[in-house]
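Enquirer: Before we start, here is the structure in question, set down as structure tokens.
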Amino acid sequence: MLKIVVPTVLVAVVLAALPGWIRPTLTRARIRTAPVTAGPVESVITAAGTVVPDVERVLSSPLDARVLKILQRPGAHLKQGDPVVELDISESVLALDKVIKDLKIKENQQAQARLTLEKSLVDLNGRLEVKGLELQSAQARLDADRQLFTEGLYSRESLRRSELAVKQAQIELTQLQQERGNAEKAAGVQLEGLALERGSLDKEAAQARRLLDLSTTKSDRDGVLTWVLSQEGALVRRGDVIARIADLTSFRVTATVSDVHAGRLRTGMPMILRLNDADLPGTVSEVFPTVENGVLQFTAALAQPSHPGLRPSLRGDVLIITDRKARTLRVKRGPFADNDARQAFVVRGDRAVRVPIRIGMAGADDVELTSGVSEGDEIIISDMRDYMHLAEVRIK
């Protein structure tokens, strides 16, 4: 009987305990859970951002030159007026000397033109005075001849000659006056042309002097030198960048995002720059219209551009807020919400029960649950894809 009873009891015990042994079981240490709460949820687009100086001054070469000496190195703190790079100025000196020489020649031409005008006017004024006296003399003679003609002591033919002499003197006087006026106008036009040429040379001289002043490139503001030419003796062309100076008291954000969000992104949208120890709010200030390699670029202005935690080239996540609900059911975001999940496990005692859910807006930290759960439920937010075929799972 022992040979029959003992095996039978052992088989019964095994059959009774077998469902518990093969039922899937999870330990608390292997899962993460979060309670369902009521509160605001924000739908966000996540982008990769980089902190850059809000103001960065580019110093360019004012002329084609050779770098003689690099006076400052990257990282140097500059004051307004501090020299950065010294350029070869020999060519500019020659150009300035040539302009000054041309300017002196033009001044000499102006002086000669004035002297010529004064000499011509003096000559014409003398001739005018002489002709005026001749006209007065002819007029006096005509008056005397008329008196004699009236008294019958002078012939009409002689009177006629006196009248012609007066008219001739008047015509010659008028011609001299017109000649003097024309001489003044011609000299004035010549002097005006010379003045314009001199003004142009003055501007060239001022530009040449300015280039000489800029040959030692100076900082026009307080800041930090972020980049400068590294090789002395290098040739630079006019307009080439030779240094960059950043104002490290104010910053902004440049960010990139996938072009699939291009239709949702626009200026003025609120955003959050998430750094290691702070969340800094701001707004999208500019969206660039071009897309390169499937990436869209934009910039954002920070509400606190001088925050002490900001540094150049610091990287962080940019969360662009596209929508917001003031109060709804939410749970902390986790792997369970990926891949458009429609089911989740709710912890009930020592069991996790699978329930259908519906996920609404997805924020950076929370996701909205529109159905399937109630406030206060505890949800497993870990990845549970390997257990979705089970109705429930035991928890130890």
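Enquirer: Please work out which one of (1) surrounded by 15 or more Cβ atoms within 10 Å (Cβ to Cβ); (2) in a loop (DSSP other than H, G, I, E, B) is the condition Ser162 fails and give its number.
Expert: (2)
Enquirer: Can you name the condition, by its number, that Val253 falls short on among (1) β-branched (Val, Ile, Thr); (2) within 30 Å of Glu42 (Cβ to Cβ); (3) assigned to a helix (DSSP H, G or I)?
Expert: Unmet condition: (3).
Enquirer: With segment 342-396 as the region, which strands (runs of 3 or more DSSP E) entirely inside it contain at least 1 residues that are open to solvent by 60 Å² or more (accessible area, probe 1.4 Å) and β-branched (Val, Ile, Thr)?
Expert: Working: elements: 343-348, 351-356, 358-362, 366-371, 378-380, 392-395.
Hits in segment 342-396: 366-371.
Enquirer: Related question: Do we find that Arg244 is within 30 Å of Gly81 (Cα to Cα), modelled with pLDDT of 75 or more and open to solvent by 60 Å² or more (accessible area, probe 1.4 Å) in this structure?
Expert: Working: within 30 Å of Gly81 (Cα to Cα): yes; modelled with pLDDT of 75 or more: yes; open to solvent by 60 Å² or more (accessible area, probe 1.4 Å): yes.
Criteria met by Arg244.
Enquirer: A further question follows. For the structure I just gave you, tell me whether Val58 is within 25 Å of Gly233 (Cβ to Cβ), within 23 Å of the chain's Cα centre (by Cα) and among the β-branched types (Val, Ile, Thr).
Expert: Details: within 25 Å of Gly233 (Cβ to Cβ): yes; within 23 Å of the chain's Cα centre (by Cα): yes; among the β-branched types (Val, Ile, Thr): yes.
Considered against the rule, which asks whether it is within 25 Å of Gly233 (Cβ to Cβ), within 23 Å of the chain's Cα centre (by Cα) and among the β-branched types (Val, Ile, Thr), Val58 comes out as yes.
For (1) in contact (Cβ under 8 Å) with a residue 40 or more places away in the chain; (2) open to solvent by less than 60 Å² (accessible area, probe 1.4 Å); (3) among the hydroxyl-bearing types (Ser, Thr, Tyr); (4) closer than 15 Å to Glu184 by Cα, each residue gets a yes or a no:
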position: Leu117; (1), (2), (3), (4): yes, yes, no, yes
position: Ser120; (1), (2), (3), (4): yes, yes, yes, yes
position: Leu133; (1), (2), (3), (4): no, no, no, no
position: Ser158; (1), (2), (3), (4): no, yes, yes, no
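Enquirer: May I pose another question? Tally the residues that are hydrophobic (A, V, I, L, M, F, W, C), under 18 Å from Pro270 (Cβ atoms) and touching a residue at least 40 places away in the same chain (Cβ under 8 Å), restricting the search to segment 297-312.
Expert: 4
Enquirer: Which of the residues spanning segment 181-194 are surrounded by fewer than 14 Cβ atoms within 10 Å (Cβ to Cβ) and of a type in the set (A, V, I, L, M, F, W, C)?
Expert: Within segment 181-194, Ala186, Val189 meet the criteria.
Enquirer: Please verify whether segment 64-77 includes one or more residues that are in a loop (DSSP other than H, G, I, E, B), modelled with pLDDT under 80 and surrounded by 16 or more Cβ atoms within 10 Å (Cβ to Cβ).
Expert: No, segment 64-77 contains no residue that is in a loop (DSSP other than H, G, I, E, B), modelled with pLDDT under 80 and surrounded by 16 or more Cβ atoms within 10 Å (Cβ to Cβ).
Enquirer: What are the residues in segment 243-288 that are within 26 Å of Arg57 (Cβ to Cβ) and free of Cβ contacts under 8 Å to residues at least 12 places away in the same chain, if any?
Expert: Scanning segment 243-288 gives a single hit, Phe288.
Enquirer: It is to be established whether one or more residues within segment 361-368 are out of contact with any Phe, Trp or Tyr (no Cβ under 6 Å at 6 or more places or on another chain) and without any contact (Cβ under 8 Å) to a residue 60 or more places away in the chain.
Expert: Yes, segment 361-368 contains at least one residue that is out of contact with any Phe, Trp or Tyr (no Cβ under 6 Å at 6 or more places or on another chain) and without any contact (Cβ under 8 Å) to a residue 60 or more places away in the chain.
Enquirer: Do we have Glu91 as of a type in the set (D, E, K, R), assigned to a helix (DSSP H, G or I) and modelled with pLDDT under 75 here?
Expert: Considered against the rule, which asks whether it is of a type in the set (D, E, K, R), assigned to a helix (DSSP H, G or I) and modelled with pLDDT under 75, Glu91 comes out as yes.
The values are calculated or read from the model by the stated rules, or taken from the named source; none is laboratory data. Keep in mind that what you see is a predicted model, and the values were worked out from it rather than measured. As a convention, Cβ positions derive from the backbone with ideal geometry for all residues, glycine included, and neighbour counts pool all protein chains shown. Heads up: the accessible areas ignore ligands, DNA and RNA and are worked out on the full protein's heavy atoms, side chains in. Shrake-Rupley method; radii C 1.70, N 1.55, O 1.52, S 1.80 Å.
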